Amino acid sequence: MTRSFARAAACAAFATLALGAGAGAQTYPAHPVRIIVPFPPGGGVDTVTRLLVHKLTEQMGGSFVVDNRPGAAATIGAAFVARAEPDGYTLLTSAPEFSINPSVRSKLPYDPFQDFTYISQLTSGQYMLVSHPSVPVKTVKDVIALAKARPGQLNYGSSGSGGILHLSGQLFQLMTGIRWVHVPFKGTGPARQALMGGEIEFVFAGTITLVGPVRAGQVRPVAVTGPKRFAELPDVPTISESGVPGYNVTGWYGFYAPAGTPADIVRRLHAETKRALMSPDVKEKLAKTGNEPVASSPEEFAAFVRAEIGKWAKVVKATKLRID
């Protein structure tokens, strides 16, 4: 009797634990979830995060809110999430800088793998190289020829030092053997204005932000940075197909939780994120911002980020680039 009772009690305890583990994801979220965006409101990752927040709130019956914590090329917001309680109520979305910062910053306040649980790559996009209309170039080969004829005399602008657009120009320099000068600005808008004003010769910027200026003739499109052409401007080739084979820079946004977040909550977040991103209304809105949904698995996303970190580490080492 005693032995039978002990077995029954053990089984009941195990069943209770199993039910409790499954109940975590079922009852989640029981109170508001903060998604930290480590950039100011209005930018690309902020826009995509707000689309996601709306759908997750709608789908999961809880409350998801955006909390912008910009600064230090996204490291302030990322560090905040790395130190947060791993309970699923403080999450992070970020951009390619997440994979660049480990190489350009010697004192990163977190480890990109040990301090985070990966949920999913949200989207993929790309950038565009454009010139001022007065610069005598129309193709990538023209840019290379002009830069080699005038080494160190041509300028390209970006949204800031150490960001993906800065590194896009550094990778181009590395793969073509040219030498040009990077001019950092406080955002894509000021860089674009400087180009249109003739202060600099070239700019790398997001495709969607350049559609208007290109169509108005204020800037001349040279090529896009990704693996395929941009649907809004299909006549603009990729850099890779224009004489620099293998050149590929994609813009992407990712979704993370603090390390140690319960697996059942991560699984549910991934499933609901995938459902949100693949919904027709979100896909349509993403297309208008120049993004495509990805919704990769946590394992696929972690592998992708690891490859991106390795890629940019090589560029940073070859160009001797440091920010701090």
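Examine region 279-301 for a residue that is in contact (Cβ under 8 Å) with a residue 60 or more places away in the chain and at positive phi, and state whether such a residue exists.
yes
Name the single residue that is nearest to E58 (Cα to Cα) among those in region 277-306 being among the hydrophobic types (A, V, I, L, M, F, W, C) and surrounded by fewer than 16 Cβ atoms within 10 Å (Cβ to Cβ). Before the answer, list the steps.
Of all residues in region 277-306, those among the hydrophobic types (A, V, I, L, M, F, W, C) come to 277-278, 282, 286-287, 294-295, 301-305.
Still in the running and surrounded by fewer than 16 Cβ atoms within 10 Å (Cβ to Cβ): 278, 287, 303.
On the way: M278: 14, A287: 21, A303: 30 Å.
Restricting to residues being among the hydrophobic types (A, V, I, L, M, F, W, C) and surrounded by fewer than 16 Cβ atoms within 10 Å (Cβ to Cβ), the top hit is M278.
So, of the residues in region 37-72 that are among the β-branched types (V, I, T) and within 14 Å of R275 (Cα to Cα), which turns out to be nearest to the chain's Cα centre (by Cα)?
Here is the first cut: in region 37-72, the ones among the β-branched types (V, I, T) are 37, 45, 47-49, 53, 57, 65-66.
Filter once more, so that each one left must be within 14 Å of R275 (Cα to Cα): 53, 57.
On the way: V53: 17, T57: 22 Å.
Restricting to residues being among the β-branched types (V, I, T) and within 14 Å of R275 (Cα to Cα), the top hit is V53.
Only residues that are in contact with a strand residue (DSSP E or B) (Cβ under 6 Å, 6 or more places away or on another chain) and among the aliphatic types (A, V, I, L, M): list them for region 287-304, please.
V294, A295, A302 - these are the residues of region 287-304 that are in contact with a strand residue (DSSP E or B) (Cβ under 6 Å, 6 or more places away or on another chain) and among the aliphatic types (A, V, I, L, M).
Quick one: which residue in Y127, Y110, Y118 is part of a loop (DSSP other than H, G, I, E, B) and among the hydroxyl-bearing types (S, T, Y)?
On the way: Y127 fails: part of a loop (DSSP other than H, G, I, E, B); Y118 fails: part of a loop (DSSP other than H, G, I, E, B).
One residue alone meets the criteria, Y110.
Would you check if V181 is among the hydrophobic types (A, V, I, L, M, F, W, C) and touching a residue at least 40 places away in the same chain (Cβ under 8 Å)?
So V181 does not fit the description; no.
Looking only at residues in region 55-74 that are out of contact with any strand residue (DSSP E or B) (no Cβ under 8 Å at 6 or more places or on another chain) and surrounded by 16 or more Cβ atoms within 10 Å (Cβ to Cβ), which one is nearest to V294 (Cα to Cα)?
In this case the residue turns out to be K55.
For region 134-154, give me each residue that is under 23 Å from A216 (Cβ atoms), in contact with a helix residue (DSSP H, G or I) (Cβ under 9 Å, 6 or more places away or on another chain) and not hydroxyl-bearing (S, T, Y). If you could, list the steps in order and put the result at the bottom.
Kept after step one, since they are under 23 Å from A216 (Cβ atoms), are these residues of region 134-154: 134-140, 142-143.
Next, from what is left, pick out any that are in contact with a helix residue (DSSP H, G or I) (Cβ under 9 Å, 6 or more places away or on another chain): 135-137, 139-140, 143.
The answer is V135, P136, V137, V140, V143.
How many residues, within region 75-98, are farther than 26 Å from R268 by Cβ and touching a helix residue (DSSP H, G or I) at 6+ places or on another chain (Cβ under 8 Å)?
3
Looking at region 242-270 only, could you name the residues that are among the hydrophobic types (A, V, I, L, M, F, W, C), out of contact with any Ser or Thr (no Cβ under 7 Å at 6 or more places or on another chain) and crowded, with 17+ Cβ neighbours inside 10 Å? Lay out the reasoning, then the answer.
Initial filter on region 242-270 (among the hydrophobic types (A, V, I, L, M, F, W, C)): 244, 249, 252, 255, 257, 259, 263, 265-266, 269.
If we keep only those that are out of contact with any Ser or Thr (no Cβ under 7 Å at 6 or more places or on another chain) too, we end up with 263, 265, 269.
I265, L269, listed by residue number.
In the list I323, I309, I239, which residue meets the criterion of being out of contact with any His (no Cβ under 8 Å at 6 or more places or on another chain), buried (at least 19 other Cβ atoms within 10 Å of the Cβ) and either without any contact (Cβ under 8 Å) to a residue 12 or more places away in the chain or not polar (S, T, N, Q) (or both)? It would help to see each step written out before you state the result.
Working: I323 fails: buried (at least 19 other Cβ atoms within 10 Å of the Cβ); I309 fails: buried (at least 19 other Cβ atoms within 10 Å of the Cβ).
Only one candidate passes the filter, namely I239.
Only one residue in K274, K314 is closer than 24 Å to F116 by Cβ and surrounded by fewer than 14 Cβ atoms within 10 Å (Cβ to Cβ). Which one?
Values: K274 fails: surrounded by fewer than 14 Cβ atoms within 10 Å (Cβ to Cβ).
On inspection, the qualifying residue turns out to be K314.
Please list, ordered by first then second residue, the pairs with beta carbon atoms under 7 Å, 6 or more apart or interchain, first in region 131-147 and buried (at least 18 other Cβ atoms within 10 Å of the Cβ), second of a type in the set (S, T, Y).
Matching pairs, first to second residue: V137/S131; V140/S242; I144/T176.
Failed condition for P237, given (1) at pLDDT 95 or above; (2) farther than 23 Å from Y28 by Cβ; (3) not assigned by TED's automatic domain parsing to the domain that holds S161, with all others met?
(3)
Taking the criterion of being surrounded by fewer than 17 Cβ atoms within 10 Å (Cβ to Cβ), modelled with pLDDT under 95 and either under 24 Å from Y28 (Cα atoms) or not acidic (D, E) (or both), would at least one residue in region 212-221 satisfy it?
Yes - at least one qualifying residue is present in region 212-221.
Please go through region 177-208 and give me each residue that is buried (at least 20 other Cβ atoms within 10 Å of the Cβ), of a type outside the set (A, V, I, L, M) and at pLDDT below 95, ordered by number.
F185, T188, R192, G206, T207, listed by residue number.
The values are calculated or read from the model by the stated rules, or taken from the named source; none is laboratory data. None of the values given here were measured: they were computed from a predicted structure. In this analysis, Cβ positions are derived from the backbone assuming ideal geometry, glycine residues included, and neighbour counts consider all displayed protein chains.
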